[in-house]
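These notes are about the structure you will find just below.
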Amino acid sequence: MEVKKIRTEKVVYYSETIHKSWYFFIGATDSGVCYVSINSHNEKKHEESLQQICKGCKIEENDTMIKNYMTQLIEYVEGKRQQFNVSLDVLGSPFQKTVWKALTEVPYGETSIYSELAEKIGNPLAVRAVASAIGKNPALIFIPCHRIIRKNGELSGFRDGVEAKRKLLQLEAELSRSAV
């Protein structure tokens, strides 16, 4: 009788691709997406980020495990998708998860401000805490933190840089106008 070893170590799979002018790096567990970056800095930096998000996890490149998530991001930048059908496996405090859930409710092609998001989660005085939680969002685009801007309309606070945030907002604005 053969005894199979049961995998007890959590594995984070990853893949990266370039599609037109877009770079995507996605990390996911068997339970869902845990990390997304659109910044094309080196793979080693992304692997370090995955290790920070999932301490002690095994990191393994696996295009097959990431294919569905990657396909949805490509459809998004091509204007074929405005909503995602993915499971998320993001680690965060209960407060952070509340903020991240509220971010998913900001409609495609629209923006909101930090204070509105704080009010939406029932904590209007927590604007700085909301901004901090947004800054720790590990699953960019799937959790659309790029849709949150300053009250004065300025862009700020995006893990992959303000220019990447501007590019995402321009994409959504252009595709929203063309859909009307």
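The values are calculated or read from the model by the stated rules, or taken from the named source; none is laboratory data. From a predicted model like this one, the values you see are computed outputs, not experimental measurements. Don't worry about glycine lacking a Cβ; one is built from the backbone with ideal geometry, like all the others, and counts go over all protein chains shown. With ligands, DNA and RNA removed, areas are computed over all heavy atoms of the protein, side chains included. Shrake-Rupley method; radii C 1.70, N 1.55, O 1.52, S 1.80 Å.
Points to keep in mind about this one:
- Qualifying residue in the range 144-154 (condition: aliphatic (A, V, I, L, M), in contact (Cβ under 8 Å) with a residue 12 or more places away in the chain, closer than 17 Å to residue 167 by Cα and open to solvent by less than 40 Å² (accessible area, probe 1.4 Å)): yes
- Selection of the range 50-64 for residues being surrounded by 16 or more Cβ atoms within 10 Å (Cβ to Cβ), part of a helix (DSSP H, G or I) and either at pLDDT 85 or above or in contact with a Lys or Arg (Cβ under 8 Å, 6 or more places away or on another chain) (or both) yields only 50.
- Among the conditions (1) under 28 Å from residue 56 (Cβ atoms); (2) surrounded by 15 or more Cβ atoms within 10 Å (Cβ to Cβ); (3) modelled with pLDDT of 95 or more, residue 159 misses just one, which is (3).
- The listed residue being in contact (Cβ under 8 Å) with a residue 40 or more places away in the chain, of a type outside the set (Asp, Glu) and part of a helix (DSSP H, G or I), out of 67, 44: 67
- Hits in the range 83-132 - residues which are polar (S, T, N, Q), open to solvent by 40 Å² or more (accessible area, probe 1.4 Å) and in contact with a strand residue (DSSP E or B) (Cβ under 9 Å, 6 or more places away or on another chain): 87, 104, 111
- Near pairs, Cβ below 9 angstrom, 6+ apart or cross-chain, from the range 97-110 (small (Gly, Ala, Ser)) to any residue that is open to solvent by 30 Å² or more (accessible area, probe 1.4 Å) and part of a loop (DSSP other than H, G, I, E, B): 102/121; 109/82
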